[in-house]
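Since the structure comes first, as structure tokens, the remarks are kept for the end.
The values are calculated or read from the model by the stated rules, or taken from the named source; none is laboratory data. Model, not experiment: these values are computed from the prediction. Every residue, glycine among them, receives a Cβ derived from its backbone with ideal geometry; neighbour counts consider all protein chains shown. For the accessible areas, the whole protein counts, side chains as well, though only heavy atoms, and no ligand, DNA or RNA atoms are used. Shrake-Rupley method; radii C 1.70, N 1.55, O 1.52, S 1.80 Å.
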Amino acid sequence: MTNTTAREVNFDGLIGPTHHYGGLASGNLASSRNAMRSSNPREAALQGLEKMRTLLRLGYTQGFLPPQQRPDLTVLQQLGFRGPDEHIINSTAAQAPELLSMVYSASSMWAANAATVTPSSDSHDGKVHFTPANLLTTAHRAIEHPHTERILRTVFSASHHPGDHFSVHSAVPSIQRFGDEGAANHTRLCHAYGEAGVGLFVYGRNEQTDPANLTFPARQTLAASAAVARQHGTRAAVYLQQASRAINAGAFHNDVVAVGNGPLLMYHQHAYETAAAEQAFKALREQLPLQTLCVADADVSLDDAIKSYLFNSQLLASPDGDMNRMRLIAPSECEENTAVRRWLEQITQDHNQPIRDVSFVDVRQSMSNGGGPACLRLRVVLTDEQLAAVNPAFLLDETKINQLQDWVKCHYRDQLSPADLADPLFYREVMTALEDLVRLLGPQQVNGLYPFMG
Ligand code: SUG
């Protein structure tokens, strides 16, 4: 199936007003390192919006996913806390304060973990498929998927345009065996966006994986990846296991040690066991003209890769979809790391591969919780017709970015420590911010986005 007008649209997570450093994510070194430090939610959200502006100015179509309703009081209610909202906050603060960080986490900002997406040219029924990730490994993220499903249904809803373009599923069951972390472990490779491609599903564990080899959790399971591929009617899927060495070094998602787009897969030498990688690449080569770009440990060590988040750069084709002129949107930490900067300088001069440019973006507030530029976005390949069917409230131009930045400046704190979450006044503040966001986006357009608004 060929449709030359398809393009990749990035939907970034709009960083919510409750962004804080809770130290909630085992195996994520930045999250552990910065636990309990004071965050700056305002700066975080403005940095995220500036990244979106960068892509827009480069000529790409850019969308966003709104922050989830936080705190999630329904979770506290399920845990036995009752009464008016402020009372629930007070009694949780008194009896189990650690739960506040969990229900207040702004972790849905990392939209690469929102869902796995299969473009229509890769699915049996010709629809774009979404499966929200159950994120069952960490408590603060395991509560995201019901909200994610609602949000995806609001953004990708056929009611905004005739036709039936999208299929939003529920998450696969939250059972240990089916741990799913979404697009962070899924790379759609293709010759051109509108042509049939292959889903590369990378997983951390299967039934044979010996937990004794892992010091940190392997979040993605083969069983979940296979279930998602089945659910989406994915026509071509290839599975590849992460090396335990990479997980133990802090690569809690594949997108910390690899990034791909079009025919190009760029990965760290230690991301996968060599034999497993060779087998997967062979299977991929049978279906598309795969180009691999292996970054040798001698050039960029695994530690430097994880510290700088080189592989969490966004790898973009040119705005017109040319796969021979690619660009990396890299975190500014890459510019500051000598080995990584040197590698980037060399690679853009090497015409045997397609990366021609690098832009650096400052997303330090997110990086301090282990989320780089690629974590912050969900990639959705859309034809013109499908793009026209996306809820326009979630597509950006400069004016809307400015409006969202004004909204952030009006409502967000510039300092937030985990202890502040116990303050019922903060609860009111964030509810007011979300009400105002709905007003800004158009209550009709985003109807039902936040349960507390009815
Ligand atoms: O799931 N951090 C997130 C970062 C997700 C990054 N996403 C990708 N690699 N695609 C995580 O570990 C930290 C929250 C805290 O500690 O407050 C956190 O959840």
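So the values come out like this:
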quantity: Conditions (1) open to solvent by less than 30 Å² (accessible area, probe 1.4 Å); (2) not small (Gly, Ala, Ser); (3) not in a helix (DSSP H, G or I): number failed by Ile401; calculated: (3)
quantity: Residue identified as within 15 Å of the chain's Cα centre (by Cα) and either surrounded by fewer than 19 Cβ atoms within 10 Å (Cβ to Cβ) or within 10 Å of the ligand (Cβ to nearest atom) (or both) among Asn34, Asn28, Asn10; calculated: Asn28
quantity: Which numbered condition Leu200 misses (of (1) without any contact (Cβ under 8 Å) to a residue 24 or more places away in the chain; (2) surrounded by 17 or more Cβ atoms within 10 Å (Cβ to Cβ)); calculated: (1)
quantity: Some residue of segment 80-103 being polar (S, T, N, Q) and within 22 Å of Thr154 (Cα to Cα); calculated: no
quantity: Number of positions in segment 279-306 that are exposed (fewer than 15 other Cβ atoms within 10 Å of the Cβ) and either among the aliphatic types (A, V, I, L, M) or at positive phi (or both); calculated: 2
quantity: Residue under evaluation Pro373, criteria (1) part of a loop (DSSP other than H, G, I, E, B); (2) within 16 Å of the ligand (Cβ to nearest atom); (3) out of contact with any Lys or Arg (no Cβ under 8 Å at 6 or more places or on another chain), criterion not met; calculated: (3)
quantity: Residue check, Leu387 away from the ligand (no atom under 15 Å from the Cβ) and either in a strand (DSSP E or B) or not small (Gly, Ala, Ser) (or both); calculated: yes
quantity: Wholly within segment 64-121, helices (runs of 4 or more DSSP H) carrying at least 3 residues that are modelled with pLDDT of 95 or more and surrounded by fewer than 19 Cβ atoms within 10 Å (Cβ to Cβ); calculated: 73-78, 85-95
quantity: Cβ pairs under 6 Å, 6+ apart, first in segment 438-450 and touching a residue at least 12 places away in the same chain (Cβ under 8 Å) and open to solvent by less than 20 Å² (accessible area, probe 1.4 Å), second of a type outside the set (Asp, Glu) and part of a loop (DSSP other than H, G, I, E, B); calculated: Val438/Val446; Tyr450/Gln69
quantity: Within segment 206-264, considering residues that are in contact with an Asp or Glu (Cβ under 9 Å, 6 or more places away or on another chain) and among the basic types (Lys, Arg), the one most open to solvent (accessible area, probe 1.4 Å); calculated: Arg245
quantity: Hits in segment 28-52 (condition: touching a Gly at 6+ places or on another chain (Cβ under 7 Å) and in contact (Cβ under 8 Å) with a residue 40 or more places away in the chain); calculated: Asn28, Leu29, Ala30, Ser31, Met36
quantity: Selection count, segment 40-63, where residues are among the aliphatic types (A, V, I, L, M), within 11 Å of Asn10 (Cβ to Cβ) and buried (at least 23 other Cβ atoms within 10 Å of the Cβ); calculated: 2
quantity: Among residues of segment 201-234, those that are β-branched (Val, Ile, Thr) and either more than 16 Å from the ligand (Cβ to nearest atom) or farther than 21 Å from Val259 by Cβ (or both), counted; calculated: 4
quantity: Qualifying positions in segment 40-61 - over 20 Å from the mean Cα position of the chain (by Cα) and either near the ligand (Cβ under 8 Å from one of its atoms) or not in a helix (DSSP H, G or I) (or both); calculated: Asn40, Gly59
quantity: When residues of segment 329-349 are limited to those that are away from the ligand (no atom under 16 Å from the Cβ) and open to solvent by less than 30 Å² (accessible area, probe 1.4 Å), the one nearest to the chain's Cα centre (by Cα); calculated: Ser332
quantity: Neighbours by Cβ (under 8 Å, 6+ apart or cross-chain): first from segment 346-360, part of a strand (DSSP E or B); second among the charged types (D, E, K, R); calculated: Ile355/Arg327; Arg356/Arg325; Arg356/Arg327; Asp357/Arg327; Val358/Arg327; Ser359/Arg327; Phe360/Glu335
quantity: For Val381: the one exception among (1) in contact with a Leu (Cβ under 8 Å, 6 or more places away or on another chain); (2) assigned to a strand (DSSP E or B); (3) closer than 16 Å to Gly63 by Cβ; calculated: (1)
quantity: Yes/no for Thr154 being touching a Leu at 6+ places or on another chain (Cβ under 8 Å), crowded, with 21+ Cβ neighbours inside 10 Å, over 20 Å from Glu181 (Cα atoms) and not aliphatic (A, V, I, L, M); calculated: yes
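Okay, residues lined up against (1) away from the ligand (no atom under 14 Å from the Cβ); (2) out of contact with any strand residue (DSSP E or B) (no Cβ under 8 Å at 6 or more places or on another chain); (3) basic (Lys, Arg):
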{"position": "Ala106", "(1), (2), (3)": "no, yes, no"}
{"position": "Ala112", "(1), (2), (3)": "no, no, no"}
{"position": "His140", "(1), (2), (3)": "no, yes, no"}
{"position": "Ile143", "(1), (2), (3)": "no, yes, no"}
{"position": "Ile151", "(1), (2), (3)": "yes, no, no"}
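For every residue, the table says whether it meets (1) β-branched (Val, Ile, Thr); (2) in contact (Cβ under 8 Å) with a residue 12 or more places away in the chain.
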position: His270; (1), (2): no, yes
position: Ala280; (1), (2): no, yes
position: Leu284; (1), (2): no, yes
position: Leu288; (1), (2): no, yes
position: Thr292; (1), (2): yes, yes
position: Ala298; (1), (2): no, no
